[in-house]
Amino acid sequence: MPTNTAAWFLTSQAPLVVKSAPYTRPREGEIVIKNHAVAINPIDWVTPIFGTFVLPWIKYPFIFGSDLAGEVVEVGKGVTRFSVGDRVLGHASGMDSKRNSAAEGAFQEYTVVLAHMAAPIPNTLSYENAAVLPLTLSTAACGLFQKDQLALQYPSVHPRPTGKTLLIWGGSSSLGSNAIQLAVAAGYEVITTASPRNFDYVKKLGASQVFDYHNKTTVKEIIKAFNGKICAGALAIGAGSAEVCADIVHACNGNKFVSRASLPQSVSFDALPSDLRPGLDLRLLPFLFRFMVANTSMQIKFRTKGIRSKSISDSTSMDNEGYNEVCKVIYEDFLPQTLASGHYVAAPEPVVVGKGLDHIQAGLDAQRQGVSAKKVVVSL
Ligand SMILES: NC(=O)c1ccc[n+]([C@@H]2O[C@H](COP(=O)([O-])OP(=O)(O)OC[C@H]3O[C@@H](n4cnc5c(N)ncnc54)[C@H](OP(=O)(O)O)[C@@H]3O)[C@@H](O)[C@H]2O)c1
């Protein structure tokens, strides 16, 4: 059996420690991947800072991380899609409440991954490029296709046009980059927002129109752009995006549903003091208070405007059959074909901060400082 090493959070209050970890063999429906690259998501640095307020089921010591790409080294019972030696990407599910397992965290040499949340990658795609996809691909797919979310038509290599237009607020984020491509592949026109430096980027991914979300006139301009179109609803990415998306879908003809990926207005993780480190800190209290006030006023706004809305994090759970079905559609049917044919691109571009598990902390710090149309990646 191989020896394994991981980047551990020993407690929620301690910095990362790189040390040995058990090698866990796959059970039915699982594979083990030897990781060659992992990517960093906001949740990876947010969770330890908030202690038990975010993902309260996590018991330390724990191994974080959701995004990985590497080579299959062992295949569990009943898995027929993969063989030892296959190059794959995978969404590691260890942080999910139903999995809650350090063996399934990405920040280690060997990770157990659910086979239906992994996909083969073409030889032309580097592990670093492939690792940018999994978590935000799954999240975008959940928001767009799950029946308790926007319930859009599934994507395919040859999209059947629906004649409907979707609003994706925050198109240049990692989540938005996947959402734009998935929605276009599902037959929807996409209107999105980004900073002007990323206008060309989101258009290359398939958006038909893009607006600068910093402008005060943007909501009005987007409502005008929807004139004569049927709105398929909105995917809201970025703090405060759900409230503005509600204003837009309210004014447009079509589906009055907002799928929410981010926190309400005036509550952004970016606003946390930069010296806040893992562990309970009294400076979190104003943030939690603002969250409760902003969440209540957002819910009131939805009610008065007749908007249906749901947070994506409420739907991405392993005991949600809809989530598992959507993941199967994406990782088994759609992604392998479209990555190989070039119809789907691994976006955004990776920024590789180093090689080895010792660089995970630098990756968390770089993600926390903020990225623009980029994904922080560590090579292993
Ligand atoms: N399960 C879940 O619910 C789930 C999973 C993954 C992510 N998320 C959430 O989804 C959001 C995006 O995650 P990510 O990993 O994709 O982030 P990311 O790539 O790190 O986000 C950075 C990007 O967000 C854009 N942005 C920042 N604030 C914005 C705003 N107010 N309106 C529109 N765009 C804005 C920036 O665009 P410009 O540079 O063009 O200005 C930048 O490109 C985060 O809030 C994250 O917590 C939720």
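Quick notes on this structure:
- Dipole moment magnitude, nearest 20 debye, segment 137-314 about Cα centre, only Lys, Arg, Asp, Glu C-beta charged: 440 debye
- Mean Cβ neighbour count within 10 Å, used as a protection proxy, ranking 30-38, 155-163, 95-103, 132-140 highest first: 132-140, 30-38, 95-103, 155-163
- Reduced Cα scattering model of segment 1-150, Debye log10 I(q)/I(0), q = 0.08, 0.10, 0.13 Å⁻¹: -0.21, -0.33, -0.56
- Alpha-carbon gyration tensor eigenvalues x 5, square-rooted, for segment 301-377, Å: 30, 23, 15
- For the peptides 302-313, 67-78, residues were scored by their other Cβ atoms within 10 Å and the scores averaged per peptide; the highest-first order is 67-78, 302-313.
- What the Cα convex hull of segment 250-380 gives, in volume per residue, is 197 Å³.
- Share of Cα-Cα pairs in the chain lying beyond 26 Å, as whole percent: 49 percent
- Between Arg197 and Glu325, the contour length at 0.36 nm per residue exceeds the alpha carbon distance by 42.5 nm.
- Residue-normalised accessible area of segment 137-314, given per residue in Å² at a 1.4 Å probe: 45 Å²
- Measuring nothing but protein heavy atoms, the accessible surface of the chain at 1.4 Å probe radius is 54 percent carbon and sulfur.
- Trypsin sites (Lys or Arg not before Pro) restricted to segment 189-238 and DSSP loop, no more than 13 other C-beta within 10 Å: Lys216
- Mean projected area of the convex hull spanned by the Cα atoms of segment 203-306, taken over all viewing directions: 8.3 nm².
- Accessible surface of Asp319 - all protein chains present, 1.4 Å probe, nearest 10 Å²: 100 Å²
- The chain: relative contact order as a whole-number percent, Cα under 8 Å and 6+ apart: 19 percent
- In terms of the mean number of neighbouring beta-carbon atoms within 10 Å, the peptides 43-51, 235-243 order highest first as 235-243, 43-51.
- The stretch between Thr304 and Met318 holds 1.8 nm of extra length on full extension. This uses 0.36 nm per residue minus the Cα-Cα distance.
- Taking every DSSP beta bridge that has both ends in the chain, the antiparallel portion is near 55%.
- For segment 1-77, the spread of Cα positions along the three principal axes, ordered from largest to smallest, is 37, 22, 22 Å.
- Projected label distance in nm at Val54 and Lys204, using a 7 Å step from Cα toward the beta-carbon: 3.0 nm
- Segment 137-314: relative contact order as a whole-number percent, Cα under 8 Å and 6+ apart: 20 percent
- Segment 1-32 versus segment 58-90: alpha-carbon centroid distance in Å: 12 Å
- Per residue, the chain reaches -8500 deg cm²/dmol at 222 nm when only DSSP H runs of four or more residues are counted, each adding -39500 (n - 2.57).
- Over all pairs of different C-alpha atoms in segment 137-314, the reciprocal of the mean inverse distance, the Kirkwood hydrodynamic radius, equals 16.6 Å.
- Over all orientations, segment 95-195 has a Cα convex hull whose mean projected area works out to 8.3 square nanometres.
- Isolated cysteines of the chain, defined as having no other cysteine beta carbon under 4.7 Å away, are Cys142, Cys245, Cys327.
- Förster radius 56 Å - calculated FRET efficiency between Thr218 and Leu282, Cβ distance, rounded to 0.05: 0.95
The values are calculated or read from the model by the stated rules, or taken from the named source; none is laboratory data. None of the values given here were measured: they were computed from a predicted structure. Cβ: placed from backbone, ideal geometry, glycine included. Neighbour counts: every protein chain shown. Ligands, DNA and RNA are stripped out before the accessible areas are found, and what is left, the full protein with its side chains, is counted by its heavy atoms. Shrake-Rupley method; radii C 1.70, N 1.55, O 1.52, S 1.80 Å.
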